[in-house]
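Notes follow once the structure below has been shown.
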Amino acid sequence: MIQETLVILKPDALERNLVGTIIKRYEDSGLKIRDIKYYKKVDDELLNQHYPDSMALSIGKKAQAVSAEITDPYTHGLKVLERLRKYFSRNPVIAIIFSGEEAIPQVRKITGYTDPISADKGTIRGDFGVDSIQKSTVEQRACENLIHASGNVDEAKKEMALWFPEL
């Protein structure tokens with residue numbers, strides 16, 4: 001089934017000059033760029049919609065899985081969301097809509113697991129990731145993992161409408 005999905009190259013991908021390398025991985029798998037947009041600065045309204053407070057518990061539980069010191073995953077998740085918003089707004093990002101056969105699971109497989117230290121080699125995060133959720137938790141900042149990739153059909157539709165409202 002042909003699908004569309006959103007990929008956002010985060011500030012660290014641009015800072016490390018990995019844009020072409022990352023896009024090539026997706027294109028080499030047969031995915032096509034349907035649209036692409038450079039955001040010099042992401043505004044707070046967009047970030048609050050992309051990373052709503054309702055995500056706090058699931059994000060906090062991911063961090064709790066690697067750090068036993070976290071006793072309240074919801075409160076920790078709220079802190080992580082604020083850090084993610086700060087991370088996303090520190091430098092430019094590139095939003096891309098990819099299209100192709102089973103694009104959502106294909107992009108997720110190519111991207112790799114959220115925590116770069118646990119991502120399989122051969123994935124973008126596994127090959128180029130230099131951070132971890134545990135390290136970022138200790139340092140009280142967002143985990144720098146290069147990419148955001150929509151997780152499912154509903155999320156992809158919602159996120160594409162946020163980042164590409166003109167479509």
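The values are calculated or read from the model by the stated rules, or taken from the named source; none is laboratory data. Please read all numbers here as calculations on a predicted model, not as lab measurements. Because the Cβ atoms are built from the backbone with ideal geometry, glycine has one as well, and the counts that use them run over all protein chains shown.
Structural remarks
- Only residues that are touching a helix residue (DSSP H, G or I) at 6+ places or on another chain (Cβ under 6 Å) and on the phi < 0 side of the Ramachandran plot were counted in the range 124-155, giving 16.
- Among residues of the range 32-53, those that are of a type in the set (S, T, N, Q) and touching a Leu at 6+ places or on another chain (Cβ under 7 Å), counted: 1
- Of the residues making up the range 90-116, just one is surrounded by fewer than 22 Cβ atoms within 10 Å (Cβ to Cβ) and among the aromatic types (F, W, Y), namely Y113.
- Being in contact (Cβ under 8 Å) with a residue 60 or more places away in the chain and crowded, with 16+ Cβ neighbours inside 10 Å holds for only one residue in I36, I70, and it is I70.
- Only one entry of K109, K62, K41 meets the criterion of being free of Cβ contacts under 8 Å to residues at least 40 places away in the same chain and basic (K, R), and that entry is K109.
Residue-by-condition table, conditions (1) basic (K, R); (2) more than 11 Å from the chain's Cα centre (by Cα); (3) closer than 19 Å to I22 by Cβ:
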{"residue": "K86", "(1), (2), (3)": "yes, yes, no"}
{"residue": "G112", "(1), (2), (3)": "no, no, yes"}
{"residue": "P116", "(1), (2), (3)": "no, yes, yes"}
{"residue": "G129", "(1), (2), (3)": "no, yes, yes"}
{"residue": "I133", "(1), (2), (3)": "no, yes, no"}
{"residue": "N145", "(1), (2), (3)": "no, no, yes"}
{"residue": "A149", "(1), (2), (3)": "no, no, yes"}
{"residue": "V153", "(1), (2), (3)": "no, yes, no"}
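- Unique residue being surrounded by 15 or more Cβ atoms within 10 Å (Cβ to Cβ), within 27 Å of K40 (Cβ to Cβ) and modelled with pLDDT of 95 or more when the list is A149, A142, A119: A149
- Residues in the range 16-41 that are within 17 Å of S89 (Cα to Cα) and either in contact with a Phe, Trp or Tyr (Cβ under 7 Å, 6 or more places away or on another chain) or polar (S, T, N, Q) (or both): K37 alone.
- If you go through the range 8-44 and keep only what is among the aliphatic types (A, V, I, L, M), touching a helix residue (DSSP H, G or I) at 6+ places or on another chain (Cβ under 9 Å) and closer than 16 Å to G129 by Cα, you end up with I8, L9, A13, L18, V19, I22.
- For A13, the stated conditions hold: it is among the aliphatic types (A, V, I, L, M), under 27 Å from E166 (Cβ atoms) and in contact with a Leu (Cβ under 7 Å, 6 or more places away or on another chain).
- Residues located in the range 38-51, provided they are modelled with pLDDT of 95 or more and within 16 Å of A156 (Cα to Cα): L46, L47, Q49, H50
- For the range 62-74, filtered to residues that are modelled with pLDDT of 90 or more and either of a type in the set (G, A, S) or in contact with a helix residue (DSSP H, G or I) (Cβ under 7 Å, 6 or more places away or on another chain) (or both), the residue that is farthest from E166 (Cα to Cα) is P73.
- Residue in the range 14-32 that is touching a His at 6+ places or on another chain (Cβ under 8 Å), of a type in the set (A, V, I, L, M, F, W, C) and either surrounded by 15 or more Cβ atoms within 10 Å (Cβ to Cβ) or farther than 30 Å from T71 by Cβ (or both) present: no
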